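Heads up, the thing below is written out as structure tokens.
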Amino acid sequence: MAAFLITLSGWSQTCLVREMVQERVNEKGESKEKATYAFSYYEDNTLKEIKIENDYPENNISKDNTNTLKFEKIPLGTKITWFWNGEYDTHFVLTSNSFLEFDGDDENDLDTENADEYLLTYEEGKLIYDEDSGITNTWEGGLVTKSKKVGRKTTWTTTYEYADIPNPFFNFHELGIIDISVSNFIPFFYTLSSKLWISEETTATKEGVEVAYDKEDKYNHTTNKNGCVEQFVVQERIDKVIFTFKY
């Protein structure tokens, strides 16, 4: 079990993802959409570049759009530049307390007054509150054990259970954070905890009274001989999302 003990310096060498395939299939097992991610890293194992090939079998669109994301450190924080089919599309900047989106034509424009801002609250490097989603996270060590979302009348509280296995999405924090505004990359929650979550349970209360809630996703996974996640499957209400990893 020692190989499963999670430290960034420990598991990142063995379980550093080089390729990930993300595929959505319908209840018949037919592919609806598919994306292949190729990752490259700096010497400290932080993200350097991601190339994403997209396939949409359901709409007969095949590998006709390629996204490239390039990561670099700047005084504000981490700058992520998104290229679509080789052309500049958007800049994102992750600072110590916000996520900025520069969606303009000028690739050199990083004036914060021209950016959409999403406020984030961190404590000791851990995300406590995301203003856009309204979700507050409770942490124990390197794991989110509970998240809470307060709506106008209803409050949702979710608790999580983890396995002693490295979370393959953990190194993709900057990619996950783009999901706040773009919503077609890795869900932000996936990238937060150092270990792999295996189940969740959500309760909902409306005006102080518990109400029915049965929308939790179901999760399954397999690992390779090194204890790294080989496949992670998310069973939604109808569709299934399958992540397959190469190291």
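The values are calculated or read from the model by the stated rules, or taken from the named source; none is laboratory data. Worth saying up front: this structure is predicted, and the values here are computed from it rather than measured. Cβ placement follows ideal geometry from the backbone for every residue including glycine, while neighbour counts extend to all protein chains displayed. With ligands, DNA and RNA removed, areas are computed over all heavy atoms of the protein, side chains included. Shrake-Rupley method; radii C 1.70, N 1.55, O 1.52, S 1.80 Å.
Among all residues of segment 12-24, there is at least one that is crowded, with 17+ Cβ neighbours inside 10 Å and either among the small types (Gly, Ala, Ser) or at pLDDT below 90 (or both). The set of residues in segment 82-99 being more than 17 Å from the chain's Cα centre (by Cα) and part of a strand (DSSP E or B) consists of PHE83, TRP84, GLU87, TYR88, ASP89, THR90, HIS91. Annotation: of all residues in segment 108-130 being loosely packed, with under 14 Cβ neighbours inside 10 Å and assigned to a loop (DSSP other than H, G, I, E, B), the one that is modelled with the lowest pLDDT is ASP109. What about ASP44, is it in a loop (DSSP other than H, G, I, E, B), free of Cβ contacts under 8 Å to residues at least 60 places away in the same chain and closer than 22 Å to GLY176 by Cβ? It is true that ASP44 is in a loop (DSSP other than H, G, I, E, B), free of Cβ contacts under 8 Å to residues at least 60 places away in the same chain and closer than 22 Å to GLY176 by Cβ.
Being closer than 27 Å to GLY125 by Cβ, in a strand (DSSP E or B) and out of contact with any Asp or Glu (no Cβ under 9 Å at 6 or more places or on another chain): is that true of TYR162 here? In short, yes. Name the single residue that is modelled with the highest pLDDT among those in segment 211-245 being of a type outside the set (A, V, I, L, M, F, W, C), outside any strand (DSSP E or B) and within 28 Å of GLY151 (Cα to Cα). So, considering only residues that are of a type outside the set (A, V, I, L, M, F, W, C), outside any strand (DSSP E or B) and within 28 Å of GLY151 (Cα to Cα), the one modelled with the highest pLDDT is ASP239. Could you list, in sequence order, all residues of segment 203-229 that are over 19 Å from the mean Cα position of the chain (by Cα) and among the basic types (Lys, Arg)? Scanning segment 203-229 gives LYS206, LYS215, LYS225. Being closer than 21 Å to TYR162 by Cα and either acidic (Asp, Glu) or in contact with a Ser or Thr (Cβ under 6 Å, 6 or more places away or on another chain) (or both) is the requirement here; does GLU207 meet it? Judged against the criteria, GLU207 is not a match. Count of segment 207-247 residues, restricted to those that are closer than 19 Å to ASN171 by Cβ, in contact (Cβ under 8 Å) with a residue 60 or more places away in the chain and surrounded by 14 or more Cβ atoms within 10 Å (Cβ to Cβ), is 8. Might you check whether a residue that is touching a Gly at 6+ places or on another chain (Cβ under 7 Å), in contact (Cβ under 8 Å) with a residue 12 or more places away in the chain and under 20 Å from ASP130 (Cα atoms) occurs anywhere in segment 180-189? Yes; the residues of segment 180-189 include at least one that is touching a Gly at 6+ places or on another chain (Cβ under 7 Å), in contact (Cβ under 8 Å) with a residue 12 or more places away in the chain and under 20 Å from ASP130 (Cα atoms).
Against the test of being surrounded by 14 or more Cβ atoms within 10 Å (Cβ to Cβ), at pLDDT below 90, assigned to a strand (DSSP E or B) and of a type in the set (D, E, K, R), the options ASP64, ASP55 yield a single qualifying residue, ASP55. Go through (1) assigned to a loop (DSSP other than H, G, I, E, B); (2) small (Gly, Ala, Ser); (3) open to solvent by less than 40 Å² (accessible area, probe 1.4 Å); (4) out of contact with any helix residue (DSSP H, G or I) (no Cβ under 6 Å at 6 or more places or on another chain) one by one and return the number of the condition ALA204 breaks. Tallying (1) assigned to a loop (DSSP other than H, G, I, E, B); (2) small (Gly, Ala, Ser); (3) open to solvent by less than 40 Å² (accessible area, probe 1.4 Å); (4) out of contact with any helix residue (DSSP H, G or I) (no Cβ under 6 Å at 6 or more places or on another chain), ALA204 fails exactly one: (1).
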